[in-house]
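What follows is a single structure, written as C-alpha cells, with notes after it.
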There are 4 protein chains.
Amino acid sequence: MKKSVVFTVALAFLLSTQMVQAAEYKVVHKNGIVLAMFGTTVEPALQGLLNIRDKMKKAYPETPVRFAFTSNIIRKIWQKRAADPAYIKAHPNIPPEILHVQGPLATIANFQDDGYDTLVVQPTHIAPAEEFLDLTAYVDALASIDTIKKKFKPFNKLVIGRPMLGTFGVEHPYAEDIKTAVRAMREDVDRARKNGAALVYMGHGNDHFPSGGSYLQFEHEMNKVYPDVKTVIGTVEGYPAVEQVLETLKRSGVKKVVIRAFMIVAGDHATNDMAGPEKDSWKSIFEKEGIEVLPYLHGMGENDRVADIFVRHAADAAADAGIVLK
Amino acid sequence: MKKSVVFTVALAFLLSTQMVQAAEYKVVHKNGIVLAMFGTTVEPALQGLLNIRDKMKKAYPETPVRFAFTSNIIRKIWQKRAADPAYIKAHPNIPPEILHVQGPLATIANFQDDGYDTLVVQPTHIAPAEEFLDLTAYVDALASIDTIKKKFKPFNKLVIGRPMLGTFGVEHPYAEDIKTAVRAMREDVDRARKNGAALVYMGHGNDHFPSGGSYLQFEHEMNKVYPDVKTVIGTVEGYPAVEQVLETLKRSGVKKVVIRAFMIVAGDHATNDMAGPEKDSWKSIFEKEGIEVLPYLHGMGENDRVADIFVRHAADAAADAGIVLK
Amino acid sequence: MKKSVVFTVALAFLLSTQMVQAAEYKVVHKNGIVLAMFGTTVEPALQGLLNIRDKMKKAYPETPVRFAFTSNIIRKIWQKRAADPAYIKAHPNIPPEILHVQGPLATIANFQDDGYDTLVVQPTHIAPAEEFLDLTAYVDALASIDTIKKKFKPFNKLVIGRPMLGTFGVEHPYAEDIKTAVRAMREDVDRARKNGAALVYMGHGNDHFPSGGSYLQFEHEMNKVYPDVKTVIGTVEGYPAVEQVLETLKRSGVKKVVIRAFMIVAGDHATNDMAGPEKDSWKSIFEKEGIEVLPYLHGMGENDRVADIFVRHAADAAADAGIVLK
Amino acid sequence: MKKSVVFTVALAFLLSTQMVQAAEYKVVHKNGIVLAMFGTTVEPALQGLLNIRDKMKKAYPETPVRFAFTSNIIRKIWQKRAADPAYIKAHPNIPPEILHVQGPLATIANFQDDGYDTLVVQPTHIAPAEEFLDLTAYVDALASIDTIKKKFKPFNKLVIGRPMLGTFGVEHPYAEDIKTAVRAMREDVDRARKNGAALVYMGHGNDHFPSGGSYLQFEHEMNKVYPDVKTVIGTVEGYPAVEQVLETLKRSGVKKVVIRAFMIVAGDHATNDMAGPEKDSWKSIFEKEGIEVLPYLHGMGENDRVADIFVRHAADAAADAGIVLK
C-alpha cells in the first residue's frame, strides 16, 4: 500500500496545473533601442545623455529606449549611490534608468528577456576607436547566437549604429559623417566668433588605437567650412596631444580661445583636464602662454544637432537591417 | 558678463564630484554557477531542480548558484504569476529565484553585471540534443566576446558542463557517463524488483535530432548491469517511440511496469503524457495491453545520485578550464 | 648627376607596364561542388567515390566537382604514391584528382583561388557524427570570413549538405532521410532474401559521439519496411558493437547473413574488420557461432540510389542558400 | 556460385594493400611564415617584396616563407603571365613563387595541407586599415576552426603580425611602432638633406577607413626627430590628400622635394600617380607650383630597416603565441 502512496503523492495537485505544453510558441518581434555610452558620474553632465535619449524617443515614440554604461567603474559608483538613501534624497532628479544603469551585455540581455528581440544599439561614441570596437564585439557575438530551430534564436535582429564621425565601410562613407558633424558645430563657431576667439576642442583619444585621423580630418574640414574662425583639436590621452594644439595656436597668433570638450558629456575630463585649476589643465597651459580661455562646459550631447546625428545613425543601422522603427 | 555665466554655470557643483578617473580599474575574478534547464510550471516538480541546486551549493558553498529557464513559454507563465498577488499568496513557498527566473542570456548577463566574470553553466539536460546544442551556442558566443584590452573582457572564463548522458569529445567519454548514469538508477531498479515489475523510462526525445542513441545505449547498459530487471526506454516526441517500448515489453512477456519520466522534473510530460488518464498516455496504452502500471512521479533531479552527477559535471567543466570552485 | 640616375632607374621600364589599377574589380560568381569524405587507399574501393562524383556531374554538368579527403594519414599515402613513378606505372587508372587529392581546407581554398566563390560542400558521411561536425566547423568558419567591402568576401556562398541519414534541424527532418535511405537499400534486402539470409550492416561508429541512434533508427525502419528479411546493424568502433549484433542474430535464430559495410567505400574496414580472415573479424565471429557469412564487398557509394541521395542533399543545401546549380 | 564471385571479387587484391588504419595519427607541428601583401604586377617593384622575404629567411633559415597576394586583379594577371610562354621567356628572372602566387586563403590552406600547422601570417601593410582588417578576418576565421578531437584541428597556431605602423592594443603600443618606423626612414631624410629638399611621402590611404591618423602621427614624429628636414605625408586615395600636402609645402616655403611612395613596392602608384608625366601626378602638381621634384622610385620594402621591422613584427606575433621560430 505504501508504494502506491509514493507513486501518486503529487498527482492530485498536478492535474489542476496549467497545461503549458499545449500552447505553441509564437514569435512576436518587438523593437528596442539601446543607447550605449561610457557613462558619467557627474550629475549635470547627464543632460547630454538625456537629450539624445529624448530626441530618440521623439523620433520613435513607440520604441523603448534603454541606457547602457560601458564603464565598470562608473557603474559601480551608480550602484553604490542607488543603495545609498542619503544620496537619493539629495538627488531626487536622477532618473531611475541612470541610477540602476547596467552594462551593455545585461542591458541587451534584459531587453531580450523582456521580449524585445529586434534591437538597435546606438553608441554615443565620437570616433570609431577602442570603445566602439569593443561594443561591436559584444553586438556581433550576441547577434551570432544561432539555434537549431530558427524561432528560438534570441535575437531576430541585433545591430549597431556608427559613431558621430562614422566608421569603416562603403555604405556610409565616414568622410560624409565628418562633414555632417562639421555642420553641427556651427553653434561653437558662432560662440568663438562672437568672442573674437579661436575654437579649441578637447577630444578623448587614446594610446592604443590610432584614431587621431578622425579628429584631424574633422579639424581640417572645420577650417575649410568656417575659414574665419580657427579650429584646433587635441586629445587628453592620445594623439594629437595638447602640446601640438598649443603649437598650432601660437603659430597662428591666437590670443583667445573658446574651449569645449569634444565628448558626449561634460564630465570629469571637461571639468578637470580641460577647465580645471590644476597646472596641467588645458586652461592653465594656454593661460600660461598668454592665451585667454573661455571654457564652455556642455557635452556634445547637449547640442541638438549632435543628438540628431545619433538618431539618424540609429535609423541608418535599422534601415540597413530592414528594421522599421516606429 | 553673461557668457562667463554660461561658461561656468556647472562648474562649482562639479568640482565637488567624486574623482572617478583617478581610480584604476582592477579586475577581481569571481566565480558563479548557472543551472540551466527547460523549466517547469508544475510547482511540486520544482523539487527536482531545487535538489540539484542544493547539492551544488553544498559542494561549493562560496559560489552563488542561479537558475535559468530556457523555455520562453514557461518563463512567461512565471512572469504572470510573479505579477499576480493572488498566486503568490496561494503559493508562499515558491522561492523568488524561481518566481523571477530569466532565460540563460539574461541570467548570465546579470551575473556578469554583478561582477561574476567566471561562470560555469551547468545544464540539467539528460542527453546532448537540441536544447544542449542551443545552450552551447549561447555560451560559446558569450565566451567569444573579445576586447582590445584583455582586462575589459566581460568574461574571464565562461564554460558549459555536459548533460547527464555525456557529450561529444574524448576528454569525458560519453560511454563512461552512461555507465555512471546506470549506477545512479539503482533505486529505480530496486523499486521495480520489489514490485516484480519491469522498469520503463519515458525520455523526452525529439523529431529534429537523432539523440535516440544515447537512450538506447543507456537501456543496453541498464540490462547488462541489472539483468534481473528488464529496463526499456522510449521517448515522448522522438525515437524510440512508445510503440517500440510496448513491442519490447510484449516480446519479453512483461505484465507489470514501474514507469518513471527520464527527465529532470516530473512536470507536464510525467503527469499527463506518461501517467495521465487520457487514452494515449503511456499508462493507458500499457494497461490496455494488460500490463499493470505503477507510475513514479518524481523527476530525476530528486534522485540524489543524479543530482550528484550534475555537480560532478560542473566540477569537470570548471577543472577543464582551470576554474577553482569553492 | 648620379642621384637622378638613382631616382629614375626603373622608370622607363615601368611605364610600359600593364595599367592594373585602371581596371575595376568585378565580381562574377561561379559555382562549384566539393565532395568531402574520409578517403581510402584501397584502389578498387575508389569506385564508390567516383560513382557519386559521376552522378553529381550528370545532374549538374556545368558545375565542376572536386574531391577532398579528410584523413591526414590517407592523404599522406596518396602523396607518397603520387611521387612514386613505380606506383603510378602499376596503377595507370588512378585519376589525377585522387592521386593529388587534398584536405577540405585546401580543396575549398584552391577552388576559391581559381575563381569559384559559391560552393556546396557535400560530405559522403553516413551519419551526422564527429567527421560531419568537424567538416561543418571548417565550412562555417570559412563562410564567416567577412570583409569591409562586401565585394571582397572570399565566398559569396559556402554551404554544407547533410549526411545520408540526415542531420539536426527542422528543414529536412532526419527521420525522413532515414526512410529515404531505407528505400535505397532494397538491393541488399533482395540479395539477402535470394540467399535466404538476414542482412547485417557494419557501420563505422565511434567512442566519442553518441551517433548510434541514427543506426538503430535506420535498423528499426528497415525491419518495418522489409519485415521478411531481418536487418541488424552494428558498428566497428562504437555502439552498437558486434556482440550486440550477434546476440540479436542468435535470438532471432539466424543461420545465414549477407554482410555489407554501411560505409561509402568498401575499404580497409570492409576487407579486414568485416570480411577478413582474422579471428576477430565479424565474419569469423559469426562463423564461429555457426552462422554462414556472405560478404558483399562494395561500398554504399556504388549503390546508385545512395549516390543519388548525396546528389539530392547537395541540391537541397544549394536550394536552401539560393544557389542555382546547373 | 556466381554470387560468391560477386562477393569476393575485390578481396584478393585488397589483402595486399597497405594497412592504413593500423598507423596511429601522430601530430608533428611544423612552422611556416606567410608574407601577405596587396601584390604588384610591376616586375622591378618585386624587389621590395623579395627583400623582406630574404630578411625573413635569413632570420629564420629553418622556416619556409611563402607569398600571398591579396589583390584579385593582380593575381589574375600573374595567372595569365604564368600561362604565357612568351612572357616567361621574356622574364626569366621572375621567381616561380611570384608567377604562381595565390591569395591568402589558398596560400595558408596549401601550407596547412603540406603539413605546416603553425603559421605566422605577416602582412607587409603600412597602416592598420582596410586590407589589414580583412586579412585579420581571414586569419581569425581559420584559426577558429575547432574539431571534436584536438589533434585534428587544422591549425595548431595561426597568428597575424602587425603592420609597420602598428595596430590596436596595449601589448605593442602603436606609438612605439611609429617611432621605430621614423628611425628607419633616416636614409630618406639623408637623401632629402643632401639635395637641400623637403621629404614628401605618398601613402595609399582610402575613402572607407579613417587611417589618416597613423600617417599624420608618423609625419609629426618625423618632424620632431629630424627637425632640419621638413617631412610631409599625403595619400593617393584618402585623407590627407595631395592638396593638403601642397598647402603645407607652400606655407613652409619649400622649393624642392624628394618624393617617395610610402608603400611596400614602387608599383603603379609610384610610377604613375606619384612620378608620372600626367597632369594630375603629384610630380606635375608640385612642379606647376614651382617646386622641383626628385622622385625616388623604390618601395619601402627595399629599405633594409623597413624589411627588418616586418621580421620583428612576425617575431613578436610568434612569441606572443608561444611559437618558437627557427
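Between helix D:304-320 and chain D there is an angle of about 40 degrees, using the helix long axis and the longest principal axis of the Cα atoms. Taking the label point 7 Å along Cα→Cβ, D:Asp146 and its counterparts in the other copies are spaced 1.3, 1.5, 2.0 nm apart, in ascending order.
Based on every Cα atom in segment C:177-299, Rg and the maximum pairwise Cα distance Dmax equal 13.0, 37 Å.
Within segment B:106-210, list the GluC sites (Glu not before Pro) lying in a DSSP loop whose Cβ has at most 16 other Cβ atoms in a 10 Å radius. Intermediate values should be presented prior to the final figure.
Numbers: sites: B:Glu130, B:Glu131, B:Glu171, B:Glu176, B:Glu187; in loops: B:Glu171.
The qualifying sites are B:Glu171.
Springs between alpha-carbon atoms under 10 Å, Gaussian network over chain A: tell me which of A:Gly203, A:Gly48, A:Gly253 tops the mean-square fluctuations. Sorting by GNM fluctuation, first place goes to A:Gly253.
Shown in residue order for segment A:256-268 are the 3J(HN,Hα) couplings computed by the Karplus curve 6.51 cos²θ - 1.76 cosθ + 1.60 at θ = phi - 60°: 8, 9, 8, 10, 9, 6, 8, 9, 5, 10, 8, x, 4 Hz (x for Gly and Pro). Please give me the summed charge of the neighbours of A:Gly103: other residues whose Cβ is under 13 Å from its Cβ, Lys and Arg +1, Asp and Glu -1. Summing Lys and Arg as +1 and Asp and Glu as -1 gives -1. With contributions of -39500 (n - 2.57) from each DSSP H run of at least four residues, the per-residue ellipticity at 222 nm computed over chain A stands at -12500 deg cm²/dmol. Mind running the shape call on segment A:53-194? Use the C-alpha gyration tensor, a ≥ b ≥ c as the square roots of the eigenvalues: rounded below 1.5 for a/c, prolate if a/b tops b/c, oblate otherwise. It is oblate, given that a/c is not under 1.5 and a/b is not larger than b/c. Quick one: angle between helix C:130-143 and the longest Cα principal axis of chain C, in degrees between 0 and 90, rounded to 10, please. Here the helix axis deviates by roughly 20 degrees. Roughly how far apart, in whole Å, are the Cα centres of segment D:140-191 and segment A:147-189? Segment D:140-191 and segment A:147-189 have Cα centres separated by 28 Å. Would you work out if segment C:187-230 is rounded, prolate or oblate? Take a ≥ b ≥ c from the square roots of the eigenvalues of the alpha-carbon gyration tensor; rounded if a/c is under 1.5, else prolate when a/b is larger than b/c, oblate otherwise. Prolate, because a/c is 1.5 or more and a/b exceeds b/c. Between C:Leu133, C:Leu165, C:Leu246, the Gaussian network model of chain C with springs among Cα atoms under 10 angstrom shows the greatest mean-square fluctuation at C:Leu133. Annotation: amide H-H contacts under 5 Å for B:Gln102 (H modelled 1.01 Å from N, sequence separation of 5 or more, or interchain): B:Phe69. Taking the inverse of the mean 1/r over every pair of distinct Cα atoms in chain D gives a Kirkwood hydrodynamic radius of 21.9 Å. Dipole magnitude for segment D:24-160: about 300 debye, using +1 per Lys or Arg Cβ and -1 per Asp or Glu Cβ, origin at the Cα centre. Each of A:Asp273, A:Asp140, A:Asp228 was scored by other Cβ atoms within 10 Å of its Cβ. Arranged with the fewest first, they read A:Asp228, A:Asp140, A:Asp273.
Pairs of lysine residues in segment A:142-285 that meet both criteria, 8 or more places apart or on different chains and Cα atoms under 20 Å apart, total 19. Decide, for the protein assembly as shown, between rounded, prolate and oblate: order the square roots of the alpha carbon gyration tensor eigenvalues as a ≥ b ≥ c, take rounded if a/c falls under 1.5, and otherwise choose prolate if a/b is larger than b/c, else oblate. In terms of gyration-tensor shape, oblate.
Inter-copy label distances at B:Glu187, shortest first and taken from points set 7 Å along Cα to Cβ: 5.4, 6.9, 8.0 nm.
Based on Cβ point charges of +1 for Lys and Arg and -1 for Asp and Glu, what charge dipole magnitude is obtained for segment B:85-231 about its Cα centre, in debye rounded to the nearest 20? Provide the component values of the computation, followed by the final result.
Details: 15 positive and 19 negative charges, 75 e Å.
Dipole size: approximately 360 debye.
A Cβ-based charge dipole, computed about the Cα centre of segment D:177-299 with Lys and Arg at +1 and Asp and Glu at -1, lands at about 600 debye. Net charge in the neighbourhood of A:Gly299 (other residues with Cβ under 12 Å of its Cβ; Lys, Arg +1, Asp, Glu -1) is -1.
Proximity of backbone amide H atoms, modeled 1.01 Å from N, is registered between D:Phe262 and D:Met202, D:Gly203 at under 5 Å, excluding neighbours fewer than 5 places apart on the same chain. Note on chain B: with a GNM built from Cα contacts shorter than 10 Å, the maximum mean-square fluctuation among B:Gly196, B:Gly290, B:Gly169 falls on B:Gly169. In degrees from 0 to 90, rounded to the nearest 10, what is the angle of the helix B:174-184 Cα long axis to the longest principal axis of chain B? With rounding to tens, the tilt is 70 degrees.
Neighbours of A:Pro44, meaning other residues whose beta-carbon lies under 13 angstrom from its beta-carbon, give a summed charge of -3 when Lys and Arg score +1 and Asp and Glu score -1. For B:Asp320, inter-copy separations between label points set 7 Å beyond Cα along the Cβ vector come to 2.6, 2.8, 3.7 nm, shortest first. Just how far, in whole angstrom, is segment C:92-110 from segment D:76-118 if you go by their alpha carbon centroids? Centre-to-centre (Cα) distance: 18 Å.
Close amide H partners of A:Gln122, meaning residues 5 or more places away or on another chain with modelled amide H under 5 Å apart, are A:Val34, A:Leu35, A:Ala36, A:Gly161. Per the rotation superposing chains A and B, the chain A residue found at the smallest beta carbon distance from the axis is A:Ala109, 2, distance in Å. Centre-to-centre separation between the Cα atoms of segment D:220-291 and those of segment B:200-228: 76 Å.
Where a number appears in this text, it was derived from the coordinates with a stated rule and is not lab data. Keep in mind that this is a model prediction, so the values were computed, not measured. Cβ atoms come from the backbone with ideal geometry, glycine included; neighbour counts cover every protein chain shown.
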